[in-house]
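A quick write-up on the structure given underneath.
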Amino acid sequence: MAPSDIRERCAEVLAALLPYRRTLDTAHGEVPDAFPAHLRRLAGPVAAGEPIIFTLPGFPCKSPNPAKVLGHLPDEGERLALRFLDALCARIAAHHPPGARVVICSDGHVFSDLIQVPDRDIDAYADALRTLIHDEGLTRLDVFDLRDVYGQRLSHDAKRSLVHQRYAPDLETLRSLTRTDEPTRRLYQGITRFLFEDSVAFAGTRSALQRNCRRRAYGVMQRSRAWGELIAAHHPEAFRLSIHPQPRDSAKFGIRLLEAPDVWLTPWHSCVLEHPDGRRELLHRTEAERLGRLVYREGRPSHFMAG
């Protein structure tokens, strides 16, 4: 392909992503030329005539807070999010015939001791996620987790320790970044809020819980960065997506999975409310329950139906 054709195709692929960009920016009408680093990242597979590989850390496990979710297994939120990602790859194939794939880098085991979710629940969630992808015929999606890195023989604690030791940044460096870098500060605040909301069994005072969550938030951020480094080592040519809002100049591209009133909300911290017109949105369970009736799928709670 001629250089001009490569640039045009990269711009078309990026244009397919931009409507779903997860961001805290207030600007509208963004165009591919405003994202030169992302265009350069796409140029490699486009020029080589190869499929574009996206890596997306996320889909860790359900929140342990029953006021947010319907249970510990994937439900309609994950189903719709997975369908969206597969369909997005299909749309990209209309511009780049070799197609695209999303590698879902399920990170529940990376954080389970910090987010206080049992490893058995995370195994069940990840296994059900793979089954859901298979049963829905979502052939453009793959799942990657710590089992793919270290196998089955090591304990989850041992695997977490290996990831942390090899890839995690120094804690003081991270603390300094939280003070000086606005996206890092927002991420720290968002994680702290999630940990606070999900600490349903904490027996101490509110101030003690806040201190505990702030400490754990730094641990989650260390592990998140470590997981990102590990993913980059295993998928060096991939285009990195993120479930967190990202500034325009970030190496990551923040992407929404479903409509939600809170830009930080994901299917694993919420559930789906379906409106009579077919529109679906993510809400905490208590809010969705107030607005709709519970719908079951294959004997398990799936989502809420409004009206």
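Data overview
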read-out: Extension reserve of the E197-E8 stretch, reckoned as 0.36 nm per residue once the Cα distance is removed; value: 63.6 nm
read-out: Cα coordinate range in segment 3-306, projected on the principal axes (Å, largest first); value: 62, 50, 44
read-out: Whole-Å semi-axes of the ellipsoid equivalent to segment 97-229 (Cα gyration tensor, √5λ, descending); value: 28, 19, 16
read-out: Percent of alpha-carbon pairs separated by more than 22 Å within segment 141-212; value: 52
read-out: Cα-based equivalent ellipsoid of segment 162-307: semi-axis lengths in Å, sorted from largest, via gyration tensor; value: 32, 21, 15
read-out: Added length on full extension, which subtracts the Cα-Cα distance from 0.36 nm per residue, I53 to A34; value: 4.7 nm
read-out: Cβ-Cβ FRET estimate between F84 and Y296, R0 fixed at 25 Å, reported to 0.05; value: 0.65
read-out: Choice from H38, H234, H244 with maximal GNM fluctuation in the chain (Cα, 10 Å cutoff); value: H234
read-out: Solvent-accessible area per residue, Å², over segment 3-306 with all protein chains present [probe radius 1.4 Å]; value: 47
read-out: DSSP-assigned coil residues among GluC sites (Glu not before Pro) in segment 253-307, each with at most 14 further Cβ atoms within 10 Å; value: E259, E298
read-out: Accessible area of segment 123-203 belonging to carbon and sulfur atoms, whole % at 1.4 Å probe; value: 50
read-out: Share, in percent, of DSSP beta bridges within the chain that are antiparallel, nearest 5; value: 40
read-out: Estimated distance in nm for a label pair at R215 and D157, the labels positioned 7 Å out from Cα along Cα-to-Cβ; value: 1.7
read-out: Segment D262-E229, length gained on full extension (0.36 nm per residue, minus Cα span); value: 9.1 nm
read-out: Where trypsin sites (Lys or Arg not before Pro) in DSSP loops with at most 13 other Cβ within 10 Å are excluded, longest remaining stretch of the chain; value: 1-152
read-out: For segment 3-306: relative contact order, % (alpha-carbon pairs under 8 angstrom, 6 or more apart); value: 26
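The values are calculated or read from the model by the stated rules, or taken from the named source; none is laboratory data. It should be emphasised that the depicted structure is a prediction, and the values quoted were computed from it without experimental measurement. We place every Cβ from the backbone using ideal geometry, glycine too, and count neighbours over all the protein chains shown. Heads up: the accessible areas ignore ligands, DNA and RNA and are worked out on the full protein's heavy atoms, side chains in. Shrake-Rupley method; radii C 1.70, N 1.55, O 1.52, S 1.80 Å.
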